[in-house]
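The next block holds one structure in the form of structure tokens; read it before the comments.
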Amino acid sequence: MGAVEFDEPPEEWTALLPSYADMGFALGGGQTLGIQGHDRYATEAYDELPGVEFDESAVRQLNDNGVDKELFYELEAEAHFMEPNQLLNWYGWSESDVEEIETALGPFFGNFIRRRSDEWHDYRYYDLYEAFELMAEVFQARERYEAFVDLHDEMLATIDERLPAEERPNAMLVYPADLPPTEFHPYRFDDGGVSTKQWRDLGLTDALVASDVGHYTGDGGTVDLETIIEVDPDVLLVRGQEGVSESAFRESIIEPLREDPAASEVTAVQDGAVYNGGYLDQGPIINFYQTERAAKDIYPDAFADATLFDRERVANIITGDF
């Protein structure tokens with residue numbers, strides 16, 4: 001995108017991925033006008049923050065039958081926190097479409113940091129807090145950003161103190177291609193993508209490292225139960241169940257795997273180590289929420305009673321009372 005200039009912090013803005021929506025909200029910039037999909041935005045994390053309000057009904061869904069350029073004119077955002085190349089490669093936009101919106105409404109600012117496996121993304125990636133720091137420049141919210149850095153550092157220090165000394169389990173991250181689950185889209189989490197940050201921070205080893213299974217990039221590629229049996233992970237993380245209750249996850253994922261003669265041979269299934277893989281996208285607030293949940297799932301003896309982040313401190317940073 002080259003140099004992007006802002007006369008002042010945007011008051012009306014939109015994101016596509018929840019990662020950037022969460023960053024803007026964390027920095028006191030208010031809430032996004034639009035989002036890729038409500039079911040992929042972990043706004044329940046905000047429900048845990050005292051005194052913080054978020055009106056999900058006021059957020060437009062941007063990807064109904066693609067991302068319609070006319071929606072941008074309806075939103076009239078001053079800034080668009082999203083990756084233009086994602087619009088080109090996923091939603092059929094042209095360079096002229098991007099230039100039109102930039103000229104008529106406001107600049108694009110973003111990088112597709114969810115994963116690091118798309119062929120079209122042959123330029124620099126950012127980790128979560130590198131991208132968050134750039135967003136803080138846009139919103140002129142350096143103090144809020146630094147407060148989040150301090151809280152994040154404290155969380156990582158607590159994790160390091162509590163992680164068991166023995167060898168960490170290996171884990172396989174998948175997305176069911178069907179239900180009951182028999183085919184799966186495989187995901188790698190050893191590549192540094194933002195969507196899998198919590199698994200790396202918790203010391204898990206990617207079970208696919210020793211295999212020839214690649215990372216799913218929307219190309220329809222799947223693996224079957226035979227592959228999962230061959231990989232035989234200690235932990236199985238299943239996506240596509242964002243926001244569902246524990247009972248619903250057990251009914252749709254865990255029980256069918258236990259009842260399947262082949263799947264029941266997998267170590268993770270036998271040991272009861274099949275867990276919800278969480279949301280694809282996360283900014284700093286959602287990352288706190290997902291990391292704590294993952295720690296309690298995978299290391300219950302070490303983290304069952306742990307509070308990995310202070311909800312009130314997060315709320316105070318968002319509202320500027322810190």
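Just so it is clear, none of the values below were taken in a lab; they were calculated from the coordinates. Since this is a predicted model, take the numbers as computed values, not measurements. Virtual Cβ from ideal backbone geometry, glycine too; neighbours counted across all protein chains shown.
Would you work out the relative contact order for region 213-291, in percent, from Cα pairs under 8 angstrom that are 6 or more residues apart?
Working: 67 pairs, mean separation 30.7, N = 79.
It rounds to 39 percent for region 213-291.
Which of rounded, prolate, oblate describes region 94-141, given a ≥ b ≥ c as roots of the alpha-carbon gyration tensor eigenvalues and a/c under 1.5 marking rounded, otherwise prolate only if a/b is larger than b/c? Walk me through the numbers before you get to the answer.
Details: a/c = 3.71, a/b = 1.13, b/c = 3.30.
Oblate.
Convert 20 °C to kelvin, take the viscosity as 1.002 mPa s, use the Kirkwood radius over C-alpha pairs of region 226-301 as Rh, and evaluate the Stokes-Einstein diffusion coefficient in µm²/s, rounded to a whole number.
Taking Rh from Cα pairs, D becomes 162 µm²/s.
Mind putting together the pair-distance distribution for region 1-131? All Cα pairs, 5 Å bins, whole percent per bin, short to long.
Calculated P(r), rounded to whole percents: 2, 9, 21, 24, 21, 15, 6, 2, 0.
Name the long-range amide H neighbours of R60: under 5 Å, sequence gap of 5 or more, or other chain; modelled H, no Pro or chain starts.
The answer is G34, I35.
What ³J(HN,Hα) values, in whole Hz, does the Karplus curve 6.51 cos²θ - 1.76 cosθ + 1.60 give for region 30-45 when θ = phi - 60°, with x put for Gly and Pro?
In residue order, the calculated couplings are x, 9, 5, 7, x, 7, 4, x, 4, 6, 9, 10, 7, 5, 5, 4 Hz.
Given charges of +1 on the Cβ of Lys and Arg and -1 on the Cβ of Asp and Glu, with all other atoms neutral, how large is the dipole of the chain about its Cα centre, in debye to the nearest 20? Present the calculation step by step, with values, prior to reporting the outcome.
Numbers: 21 positive and 70 negative charges, 82 e Å.
For the chain, the charge dipole is close to 400 debye.
Put one equal scatterer on each alpha carbon of the chain, apply the Debye formula with no solvent term, and list log10 I(q)/I(0) at q = 0.15 1/Å to two decimals.
These q points yield log10 I(q)/I(0) values of -1.29.
Quick check: from the Cα gyration tensor, does region 88-228 come out rounded (a/c under 1.5), prolate or oblate?
Judged from the Cα gyration tensor, region 88-228 comes out oblate (a/c at least 1.5, b/c at or above a/b).
Looking at region 87-140, which trypsin sites (Lys or Arg not before Pro) are in a loop (DSSP not H, G, I, E or B) and have at most 13 other Cβ atoms within 10 Å?
Details: sites: R114, R115, R116, R124; in loops: R114, R115, R116, R124.
Counting only loop positions with at most 13 other Cβ atoms within 10 Å, the trypsin sites (Lys or Arg not before Pro) in region 87-140 are R124.
How big is D for region 167-307, in µm² s⁻¹ as a whole number, if Stokes-Einstein is applied with the Kirkwood radius of its Cα pairs at 37 °C and 0.692 mPa s?
Working: Rh = 15.1 Å.
Estimated via Stokes-Einstein, D reaches 217 µm²/s.
Counting helices only, and only those DSSP H runs with n ≥ 4, report the 222 nm mean residue ellipticity of the chain as the sum of -39,500 (n - 2.57) divided by its residues, in deg cm²/dmol to the nearest 500. Let's see the in-between values first.
On the way: 15 runs with 123 residues, N = 322.
Theoretical 222 nm ellipticity from helices: -10500 deg cm²/dmol.
Given the options A141, G203, P107, identify the residue whose Cα lies farthest towards the positive end of the charge dipole of the chain (+1 on Cβ of Lys, Arg; -1 on Cβ of Asp, Glu).
G203
Place a +1 charge on the Cβ of each Lys and Arg in region 241-322 and a -1 charge on the Cβ of each Asp and Glu, then give the dipole magnitude about the Cα centre in debye, rounded to the nearest 20. Numbers along the way, then the final one.
Working: 6 positive and 16 negative charges, 44 e Å.
Here the size comes out at about 220 debye.
Compute the normalised compactness of region 25-98: alpha-carbon radius of gyration over 2.2 N^0.38 Å, N being the residue count. Write down the numbers at each step before the final one.
Numbers: Rg = 13.8 Å, N = 74, 2.2 N^0.38 = 11.3 Å.
Cα-based Rg divided by the globular estimate yields 1.22.
Name the long-range amide H neighbours of A79: under 5 Å, sequence gap of 5 or more, or other chain; modelled H, no Pro or chain starts.
Close amide H contacts, sequence-distant or interchain: T14.
Lys/Arg Cβ at +1, Asp/Glu Cβ at -1, dipole of region 167-307 taken about the Cα centre: which of P284, V274, I298 is farthest positive-ward?
Of the options given, the answer is P284.
Can you give the charge dipole size of region 167-307 about its Cα centre, rounded to the nearest 20 debye, using +1 on the beta carbon of Lys and Arg and -1 on the beta carbon of Asp and Glu?
Details: 9 positive and 27 negative charges, 109 e Å.
Charge dipole, region 167-307, about its Cα centre: 520 debye, nearest 20.
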